[in-house]
Amino acid sequence: MEKKNIDWSNIGFGYIPTDKRFVSNYKNGAWDEGTLTSDATVTISECAGVLQYAQTCFEGMKAYTTEDGHIVTFRPDLNAARMASSCKRLEMPVFPEDRFVQAIVDTVKANEAYVPPYGSGATLYIRPYMFGSDAVIGVKPANEYQFRVFTTPVGPYFKGGVKPITIRVCDYDRAAPHGTGHIKAGLNYAMSLYAIMDAHRQGYDENMYLDAATRTKVEETGGANFLFVTKDNKVVTPKSNSILPSITRRSLLVVAKDYLGLDVEEREVYFDEVKDFAECGLCGTAAVISPVGKIVDHGKEICFPSGMTEMGPITKKLYETLTGIQMGRIEAPKGWIKVIE
């Protein structure tokens, strides 16, 4: 299929509508077959559950053009499983995981002309989401829901090269110990908006959230998991019941262990030990890894030996290996790559 006339190397990380999106409705206790539609408009009641009580969750993933010309997605089965967990926690009906993956495939195929070419640095971002769609005035779950998938081409997250960022220790809490921090609920992100904008106003790129119970352990940022490297090249990530189980982080741990031969630890990480790490990064779908050069704790600076100029050596190897797997330059573990036929 002929690609759209888009300046792939100069598009930003924003929304560009594509030709088709997938829609399926839940009513009377069952999901309908779903369909691809050209209509990008969502029409719901003014009293819809999503508008009144924020009953919504979402996922984020990408489609890539590999070196050999195939269009692929990365571990969509894990996105399906994570959305199922989100739905259960929010009292929403689970969209069947096999149908979730098929909806991703169908939507990407329908928008093949928008999948950026290999080597452009751009990708096709995929946003599956679900929300309560019928009128709810009392505090209770909705009775009807809509599951949708749209796509949008996005440019490289790092334009002009990767530069380490500066983050601060945040005074706000991202999630309660037994709350919703472990699921991808829209309400979690709404709660983080003031904190991230306040960080930007203070000159910081991101927030480091500590655990709400003791404020002694590292959790995550508003939209990414932490990854640390010790001075003897061990890869360490925080373990907590109130952080989102990042698919990128889980994949990076496999890359570290099986591809790079590094020791890996997933454990509680106390803030007091952060100063002793050699490298730090934030991992997620958008950037894969954003290197952190400096953390500021109420005026006290923690500067990592990797510096403010470029990614640390281990972080860089992790980034290059995982993106190489995603782009087809490096052989992937079985089941990681879903080819869009």
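The values are calculated or read from the model by the stated rules, or taken from the named source; none is laboratory data. Note that the coordinates shown come from a computational prediction; the quantities given were computed from them, not determined experimentally. We place every Cβ from the backbone using ideal geometry, glycine too, and count neighbours over all the protein chains shown. Note: areas computed on protein heavy atoms with side chains; ligands, DNA, RNA excluded. Shrake-Rupley method; radii C 1.70, N 1.55, O 1.52, S 1.80 Å.
Details
- Here's the picture: a label point sits 7 Å out from the Cα of THR323 along the beta-carbon direction, and within the stretch 220-256 the residues with their amide nitrogen under 16 Å of it are 248-249, 252.
- About its Cα centre, the dipole of the stretch 48-89 is roughly 320 debye, where the only charges are +1 on Lys and Arg Cβ and -1 on Asp and Glu Cβ.
- When shorter helices are ignored and each DSSP H run of at least 4 residues is given -39500 (n - 2.57), the per-residue value for the chain at 222 nm works out to -6500 deg cm²/dmol.
- Sorted into 10 angstrom bins from 0, the C-alpha pair distances of the stretch 263-321 split as 21, 51, 27, 1 percent.
- Residues with amide H under 5 Å from that of ASN143, placed H, sequence gap 5 or more: ASP134
- Note on the stretch 47-159: along the principal axes its Cα atoms extend 53, 28, 23 Å, ordered by decreasing extent.
- Carbon + sulfur, % of accessible area of the stretch 281-322 - ligands and nucleic acids excluded, 1.4 Å: 51
- Protein accessible area in the stretch 27-128, 1.4 Å probe - carbon and sulfur %: 46
- Charge dipole of the chain about the Cα centre (unit charges at C-beta), most positive-ward option of ILE71, THR237, PHE58: THR237
- The portion of the accessible surface of the stretch 160-222 made up by carbon and sulfur, rounded to a whole percent, is 57 (1.4 Å probe; DNA, RNA and ligands excluded).
- The stretch 234-341 - Debye-derived log10 I(q)/I(0), Cα point model, q = 0.21 Å⁻¹: -1.26
- The residues of the chain expose, per residue, 46 Å² of accessible area to a 1.4 Å probe.
- Positive minus negative residues near LYS88 (Lys, Arg vs Asp, Glu; Cβ under 13 Å): +1
- Taking the inverse of the mean reciprocal distance over all distinct Cα pairs, the Kirkwood hydrodynamic radius of the chain comes to 21.0 Å.
- Calculated SAXS-style log₁₀ I(q)/I(0) at q = 0.10, 0.15, 0.21, 0.24 Å⁻¹ - the stretch 191-294, Debye, Cα scatterers: -0.27, -0.61, -1.19, -1.50
- Hydrodynamic radius of the stretch 93-174 per Kirkwood, over alpha carbon pairs, in Å: 16.6
- Rg over Rh [alpha-carbon atoms, Kirkwood Rh] for the stretch 158-247: 0.97
- Panel values: the stretch 1-74, Kirkwood radius from alpha carbon pairs, Stokes-Einstein at 37 °C and 0.692 mPa s, translational diffusion coefficient 202 µm²/s.
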